[in-house]
Amino acid sequence: MATTTTTRAPRRRLRLRRIGDYAVLSVLAFAFVLPVLYLLLGSLKPSDEVLNGLSGFLPTHLSFDNYAHVLDALNSDSTGYFWRFMGISLLVAFVVVTGGLFVNSMAAYGMSRLKWRGREAVFTLVLLLMLVPFESVAVPLFYMFNEQRNTVYVQAIPFVANAFSIYQFHTFFRSIPPSIEEAARLDGAGPWRTFFAIIVPMSKPVFASVAILTFLTQWGAFLWPVLMVSDPSVRPLPLEMSVFQGQQPPDWGQILAFGVLLVLPVLIVFSFFQRWFVQGVASSAVKG
Amino acid sequence: MEPVDPAPAAPPDREQSPPMTAVKTARPTRSGPRSGPGNRPRNRDRLHGLLMSAPAVAGLVAFVGIPFGYAVVLSFYNVRLGSPMAPSFFGLEQYRRLFTDPDLSGPFLRALLNNLTFAVVVVPLQTGLALALAILLNRKLKAIGLFRSLFFMPVVFPMTLVAVIWRLILARSDQGLLNSALHAVSFGNWGAFDWLGDSATAMASVIVLSVWQGVGFQMVILLAGLQQIPGELYEAAELDRATPWQRFRHVTLPGIRGTLVFVAMLTSVLSFRVFDQVYVLIHGGGLDEDATRTVMYQAVTTAFDQNNIGQASAITVVFFLIVVALTLIQRRVVRPDNED
């Protein structure tokens, strides 16, 4: 009897602790997700019900009218179509992510696996430039590219080359055993073919995590568009969001619907690549 | 084909070390050029290495290196955008004004102070909260993945959207979510309060929404650190009848010390770069400008609204020096810990 009680008591305590864990986690998670629920529910409510205190938190009836208005009726004023802003943002993000993966991985390969005099110096330069936050070059860049204001390419090109991405690729390529390249060279492959046909396919994890982090940063980009873009025809989505929410009088239902549409692409990417997303953030940060 | 071998003298396992330590094993590969002088593959490598590195390095120099040098140069001049007058050399005048001219130094020093306040509150608050969440989520429970993604979700929200959501929650009317919730729990004693517009609560509001958005990021990093602690250490502690607190103090904390320091320093650098939420909420959100302006906000409004490029450049140079100091401290503190 004595033995059964001693084994059973800890087990029961364990089960109690598990229930306690779930309770704490659920309460915390609810409080944490509340703003997101508020956004979602608000976007489905008539605008005059959004700012309606606690009682209005749960809407009486839901409709997608706000979404229809944001997607269609926006062209009634001078701001242009929603899809246009979405397209600009997607285009800029696409150029920055794909161009960045290509250019930065190649540079990292050149610096980590090919031997040439001066590569240490070049890599040190990259590490030094990694210290420079974008914020501290925003003003001179703004001054330098003042003539190119309100163009799409000025929103993308400065962000393609990225010192931190090079660093992430460099760290990964260093861990690849040299025997793989030796085998490729014995088969007559030059550095370019070795890189594109052998190294790139075996480096999917680092490509995924760099792509995800770049996309995440680029999708929310705000400081540079604030400085460079005033013309609605090339305005990216987050900037239009801030313009849209500043209108008087504010139409809250539509503003929140706009917000949902702004975050939806990232949420879709996030839910599909959730594991990589989290791993990408964790690995790149721990190594940084 | 031997010449291609990067380091014949180095033990083979050096190259296969995990990525974590790869940066520190740079030396063995460096000895490469000593072996087999004057081979064709080496020359080929030189050309292709340069070619492969060129586009990215050119981009970095053009869009980071040159602008940065330009910021330093501009800060020594009196440059105004759209002014018919040619820029004149100013020496250190911009910096002197920044710190001593009453008209300019007032807002600037206030911005510096706001940045400091933000960092001093956010760094321990966000790191502590992230650590608590990471420990809670570092269990083998069903649906733990769901909870992890719930806490991580705000990280993918653009700051411009976060600012709008919280603008509504903190709305000054009695119909704002927070005000009406307080109204309900205080039995009607709480009325309207302007959280964003009141100088006493404006910064606190910005802090709350920033922590909400950012804490998931730190949580994930700490979670990765927690999972590297060997389970046997906890089993041994349990055998020694260590209390949960003792296990936390003597197993968890030492196990993630490096990660924790890294997260704290990363948060402090990021907290100095705060801009988006402040800008959005001041422009059209009713946020108290004086209580929440940051150094970056000051630089952008000086360059953009006042067209004073020289002054704005001086602000960004000061900003850069602060961030670099923080980054260098970070590297100094984190490095020795990773060595073992």
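Label point of B:ILE229 set 7 angstrom out along Cα-Cβ; within the range B:240-274, amide nitrogens under 12 Å from it belong to B:244-260. Surface composition of the range B:136-294: carbon plus sulfur atoms hold 59% of the accessible area, using a 1.4 angstrom probe and ignoring ligands, DNA and RNA.
Summary of the geometry: the range B:244-271 and the range B:70-134, compared by the centres of their Cα atoms, lie 30 Å apart. Take A:PHE102, project a point 7 Å from its Cα along the Cβ direction, then tell me which residues of the range A:193-215 have their backbone nitrogen under 16 Å from it. Counting only backbone N, you get A:193, A:196-197, A:200, A:211.
Over every pair of different alpha-carbon atoms in the range B:194-340, take the mean of 1/r and invert it; report that Kirkwood radius in Å. Result for the range B:194-340, one decimal place: 18.3 Å.
For the pair A:LEU91 and B:MET85, label points projected 7 Å from Cα toward Cβ lie 4.0 nm apart. Accessible surface computed residue by residue for the range B:152-274, with neighbouring protein chains in place and a 1.4 Å probe, gives 43 Å² per residue. With contacts taken as Cα pairs under 8 Å and at least 6 residues apart, chain A reaches a relative contact order of 29 percent.
The Rg/Rh ratio for the range A:101-182 is 1.08, where Rg is the radius of gyration of the alpha carbons and Rh is the Kirkwood radius. Plainly put, the range A:177-239 has a radius of gyration that is 1.32 times its Kirkwood radius, both from alpha-carbon atoms, as the Rg/Rh ratio. Considering only B:HIS250, A:TYR38, A:TRP219, and ranking their Cα positions along the charge dipole of the protein assembly as shown that arises from unit charges at the beta-carbon of Lys, Arg, Asp and Glu, the one farthest toward the positive end is B:HIS250. Where Rh denotes the Kirkwood radius from the mean inverse Cα pair distance, what is Rg over Rh for the range A:128-244? That ratio is 1.12, to two decimals. Counting only other chain Cβ atoms within 10 Å of each residue's Cβ, the peptide A:114-126 averages 6.
Here the protein assembly as shown is treated with +1 on each Lys and Arg Cβ and -1 on each Asp and Glu Cβ, and its dipole about the Cα centre works out to around 2520 debye.
Each of B:ARG249 and A:LEU34 was given a label point 7 Å from its Cα along the Cα-to-Cβ line. The distance between the two points is 3.4 nm.
In this structure the amide hydrogen of B:TYR77, modeled in the peptide plane, comes within under 5 Å of the amide hydrogens of B:PHE90, none closer than 5 places in sequence on its chain.
Scanning chain A for DSSP H helices at least 18 Å long along the axis (C-alpha atoms) with a Kyte-Doolittle mean no lower than 0.0 picks out A:2-43, A:82-112, A:204-219, A:252-272, A:274-287. Rounded to the nearest 20, the Cβ-based charge dipole of chain A about its Cα centre (Lys and Arg +1, Asp and Glu -1) stands at 1860 debye. Overall, the anisotropy analysis places the protein assembly as shown in the oblate class: the square-rooted eigenvalues a ≥ b ≥ c of its C-alpha gyration tensor yield a/c not less than 1.5, with a/b not exceeding b/c. When accessible surface is computed with a 1.4 Å probe, chains B and A are found to bury approximately 9800 Å² between them, both chains counted. Measuring how big chain A is from its alpha-carbon positions, Rg and Dmax come out at 25.2, 87 Å. Within 10 Å of the Cβ of each residue in A:174-186, the mean number of Cβ atoms contributed by other protein chains is 4. Per-residue shielding of B:166-173, expressed as the average number of other chain Cβ atoms within 10 Å of the residue Cβ, stands at 3. Mean projection of the Cα convex hull over all viewing directions, computed for the range B:56-177: 14.9 nm².
Toward the positive end of the charge dipole of the range A:180-288, about the Cα centre and with charges on Cβ (Lys, Arg +1; Asp, Glu -1), which of A:MET241, A:ILE180, A:MET228 goes farthest? Checking the options against the dipole of the range A:180-288, the answer is A:ILE180.
Let me make sure I get this right: for chain B, a, b and c are the square roots of the gyration tensor eigenvalues over alpha carbons, sorted descending. Under 1.5 in a/c it's rounded, otherwise prolate if a/b > b/c, else oblate. Which is it? Because a/c hits 1.5 or more and a/b fails to exceed b/c, chain B counts as oblate. Taking every C-alpha pair closer than 8 Å and separated by at least 6 residues, the mean separation divided by the residue count of the range A:147-235 gives a relative contact order of 58 percent. Could you compute how fast the range B:170-262 diffuses translationally, taking Rh as the Kirkwood radius over C-alpha pairs and applying Stokes-Einstein at 37 °C with viscosity 0.692 mPa s? Give it in µm² per second. In µm²/s, the coefficient rounds to 195. On the principal axes of its alpha-carbon atoms, the range A:194-288 has extents of 57, 28, 25 Å, going from largest to smallest.
Using +1 at the C-beta of Lys and Arg and -1 at the C-beta of Asp and Glu, which of A:LEU51, A:SER165, A:LEU114 has the Cα lying farthest in the positive direction of the dipole of the range A:50-196? My answer, from the dipole projection, is A:LEU114.
The values are calculated or read from the model by the stated rules, or taken from the named source; none is laboratory data. Small disclaimer: the values here were computed from a predicted structure and weren't measured. Every residue, glycine among them, receives a Cβ derived from its backbone with ideal geometry; neighbour counts consider all protein chains shown. With ligands, DNA and RNA removed, areas are computed over all heavy atoms of the protein, side chains included. Shrake-Rupley method; radii C 1.70, N 1.55, O 1.52, S 1.80 Å.
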